[in-house]
Amino acid sequence: MNNLIDIMQLSVEEIDELIATALDIIADPDKYAESCKRKKLATLFFEPSTRTRLSFEAAMYELGGQVLGFSAANSSSAAKGESVADTVRTVGCYADVIAMRHPKEGAPLVATRTAGVPVINAGDGGHNHPTQTLADLLTIYRKKGKFSGLTIGLCGDLKFGRTVHSLICAMSRYEGVKFVMISPEELRVPRYLITDVIDRKGIPYEETTSLEEAMPKLDILYMTRVQRERFFNEADYLRLKDSYVLTPEKLVPAKSDLIVMHPLPRVNEISVAVDADPRACYFDQVLNGKYMRMALILKLLEVKV
Ligand code: NCD
């Protein structure tokens, strides 16, 4: 069974193929307009979402398929106490592919055991978010034309930010990559990513609390939201939430070809004044996410166009 639970399930070659498909979709969308005719995608969202769920749905519609699903746990039988395993076994009777978001780490992996159809992890707790990484990779590729030799600044909530975790894994496979991890002490990147991914591959990295010091070195600045829903107490969230706020002034020492990324939603981390800067790419990520999800659905459903 084809699933996408962790970005590392895709080889570098498979990522290249997905990017090639996405670029072909962008160049000739009509060619793909009926490629998933009579196929159904189910979006099972046990946690809030705007972009991920709607981009999956838009992706399936643009492939000529149909969508069903729910957008909140309290509108499904989860509210009655049904297990994830039973819910997806049921949905697998109705749909050809499932995209699932859940607050518990590992829930989409559990879903693969009973779904009977491909399952895509659309975000599991503070763990992983592989399809956001696909959006991020296409954005980097379209802006930079390469993945190797880039210095990537990751800023904000690196502890709970699942998009950061998947992006580190994906980028760790390219030559000459460096990471600059900018966060408050309490929100540093989980140690397993340092030991199992970054150190294991001998990738140069630094951890700092200073966005100002890091700025001139960066080719990519990936801002993130402090993940309020994963905090154990509100006081900690309130203390940390505005640790980093990107403004046009802070971008003055940055490279002229820096790209500023953010998985969105933003709360206060990027001032709206930055949106007018040509280096701001976060709304490009939104659109690229739809194309990469189209490419992924085609791959998982083994549709040849
Ligand atoms: C992210 C997520 O859900 O992890 N959003 C998204 O899918 N683009 C980031 C976030 O919620 O902060």
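The values are calculated or read from the model by the stated rules, or taken from the named source; none is laboratory data. It should be emphasised that the depicted structure is a prediction, and the values quoted were computed from it without experimental measurement. Note: ideal-geometry Cβ built from the backbone for every residue, glycine included; neighbour counts use all protein chains shown.
Considering only the stretch 108-135, how many residues are surrounded by fewer than 24 Cβ atoms within 10 Å (Cβ to Cβ) and either at pLDDT below 95 or of a type in the set (A, V, I, L, M) (or both)?
Number satisfying all stated conditions: 3.
For residue 174, all conditions in the list (1) more than 20 Å from residue 263 (Cα to Cα); (2) more than 19 Å from the chain's Cα centre (by Cα) hold save one; what is the number of the exception?
With respect to (1) more than 20 Å from residue 263 (Cα to Cα); (2) more than 19 Å from the chain's Cα centre (by Cα), residue 174 is out only on (2).
Select, from 232, 283, the only residue that is modelled with pLDDT of 95 or more and either among the charged types (D, E, K, R) or within 22 Å of residue 164 (Cβ to Cβ) (or both).
Values: 232 fails: modelled with pLDDT of 95 or more.
Exactly one residue qualifies, and that residue is 283.
Any residue at all in the stretch 164-186 that is over 26 Å from residue 19 (Cα atoms) and within 13 Å of the ligand (Cβ to nearest atom)?
no
Would you check if residue 27 is within 16 Å of the ligand (Cβ to nearest atom) and over 17 Å from the mean Cα position of the chain (by Cα)? Even if it seems obvious, please write down each step before you answer.
Numbers: within 16 Å of the ligand (Cβ to nearest atom): no; over 17 Å from the mean Cα position of the chain (by Cα): yes.
Considered against the rule, which asks whether it is within 16 Å of the ligand (Cβ to nearest atom) and over 17 Å from the mean Cα position of the chain (by Cα), residue 27 comes out as no.
Taking the stretch 283-301, which residues are within 16 Å of the ligand (Cβ to nearest atom) and either without any contact (Cβ under 8 Å) to a residue 40 or more places away in the chain or among the charged types (D, E, K, R) (or both)?
If we filter the stretch 283-301 for residues that are within 16 Å of the ligand (Cβ to nearest atom), which is where we start, we get 283-293, 296.
Within the stretch 283-301, 283, 284, 287, 290, 293 qualify.
How many of the residues in the stretch 133-167 are more than 10 Å from the chain's Cα centre (by Cα) and assigned to a helix (DSSP H, G or I)? Give the steps one after another, and end with the answer.
Within the stretch 133-167, the subset more than 10 Å from the chain's Cα centre (by Cα) is 138-160.
Filter once more, keeping what is assigned to a helix (DSSP H, G or I): 138-144.
Counting residues in the stretch 133-167 that are more than 10 Å from the chain's Cα centre (by Cα) and assigned to a helix (DSSP H, G or I) gives 7.
Among the residues of the stretch 196-247 satisfying the criterion of being basic (Lys, Arg) and more than 21 Å from residue 175 (Cβ to Cβ), which is farthest from the ligand (Cβ to nearest atom)? Outline the logic, then answer.
Taking the stretch 196-247 as the starting set, the residues that turn out to be basic (Lys, Arg) are 200-201, 217, 225, 228, 230, 239, 241.
Still in the running and more than 21 Å from residue 175 (Cβ to Cβ): 225, 228, 230, 239, 241.
Details: 225: 4, 228: 9, 230: 10, 239: 18, 241: 12 Å.
Here the answer is 239.
The conditions are (1) in contact with a strand residue (DSSP E or B) (Cβ under 6 Å, 6 or more places away or on another chain); (2) within 11 Å of the ligand (Cβ to nearest atom); (3) within 20 Å of residue 215 (Cβ to Cβ), and residue 143 fails exactly one of them. Which is it?
Against the list (1) in contact with a strand residue (DSSP E or B) (Cβ under 6 Å, 6 or more places away or on another chain); (2) within 11 Å of the ligand (Cβ to nearest atom); (3) within 20 Å of residue 215 (Cβ to Cβ), residue 143 comes up short only on (2).
Could you tell me whether residue 174 is among the aromatic types (Phe, Trp, Tyr) and either more than 25 Å from residue 131 (Cβ to Cβ) or out of contact with any strand residue (DSSP E or B) (no Cβ under 6 Å at 6 or more places or on another chain) (or both)?
yes
Just name the residue that is surrounded by the most Cβ atoms within 10 Å (Cβ to Cβ) out of those in the stretch 229-268 that are among the acidic types (Asp, Glu) and touching a residue at least 12 places away in the same chain (Cβ under 8 Å).
So in the stretch 229-268, the residues among the acidic types (Asp, Glu) come out as 229, 234, 236, 242, 249, 257.
Filter once more, keeping what is touching a residue at least 12 places away in the same chain (Cβ under 8 Å): 229, 236, 242, 257.
Values: 229: 11, 236: 14, 242: 11, 257: 10.
Ranking the qualifying residues of the stretch 229-268, first place goes to 236.
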